[in-house]
Amino acid sequence: MKKVIASTLLFLALIPPGQKIAQADENQSTFLLRLDCADAGIGNWGYRNENIAVGKAVYPSRFYMGAGDSSVSLTCRLQPNDREVNFQNLQLAFGMEDNERVSPNVNVNIYLDGILVTSRSVFSGKADSISIDVTNVQNLSIETKCSSQFQYCDRVYFWDATLGIIP
C-alpha cells in the first residue's frame, strides 16, 4: 500500500503546476440537437424516438427531416456553445423507411460554415452514414432536399447525430 501511495505522489510531483490531470470522461460526445439550432425551408423536422425499418434492419430514430416536395434544413451553432467545448467530428447515420418505395430520392447535404462539403442521395430502404471533421467550424447545416418538384418525398430519419469532443 505504501508503494502505491509513494508512486502516486511521485507521479503528481512530476506534473507541472496548473496542468490538468487527464480523467476518463464518460461523455466525450454530445447529441447535435442539444446545441442552439434553427430550421429553414418549406419542409418540416421533429424529434421522434421510434424504431424504424431501413434496409430490413431496425434503427432507433432520434429525429426526422421531411423535405416534402421542396427542402428543409437545420443549422446548429457549434462554436461558441454552452458547454465551452471544441468539437472534433460529426457522426451522422440516416435513411428512409423500407415501406416508402414510391418516394423519390432525397439529397442530404451537409454545410460547414455555409460551404457544401458533402452530399448523399438517399432512397427508400437505404441507410447511409457520414463522418465529418468539424474542428474549427462555427456552424453546421443539414439539408434534406427532394429530388422532385412534382412528387412528395418521404422523411429521412436520423439515428445518429453525434459530435465528438476534443479531449
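Take Y152 and F123, extend 7 Å from each Cα along the Cα→Cβ direction, and tell me the distance between the two endpoints in nm.
Output for this residue pair reads 2.3 nm.
Over the range 46-117, give the accessible area per residue in Å² for a 1.4 Å probe, as an integer.
In whole numbers, the range 46-117 has 50 Å² accessible per residue.
Quick check for me: using +1 on Lys/Arg Cβ and -1 on Asp/Glu Cβ, what's the dipole size of the range 83-167 about its Cα centre, in debye to the nearest 20?
Here the range 83-167 has a charge dipole of around 120 debye.
What part of the accessible area of the range 59-111, given as a whole %, is carbon or sulfur when the probe is 1.4 angstrom?
39 percent
In the range 26-68, which trypsin sites (Lys or Arg not before Pro) fall in coil by DSSP and have 11 or fewer other Cβ atoms within 10 Å?
K56
The values are calculated or read from the model by the stated rules, or taken from the named source; none is laboratory data. Because the structure is predicted, anything quoted here is derived from the model rather than measured. No Cβ is skipped: glycine too gets one built from the backbone with ideal geometry, and neighbour counts run over all protein chains shown. Ligands, DNA and RNA are excluded from the accessible area calculation, which covers all protein heavy atoms including side chains. Shrake-Rupley method; radii C 1.70, N 1.55, O 1.52, S 1.80 Å.
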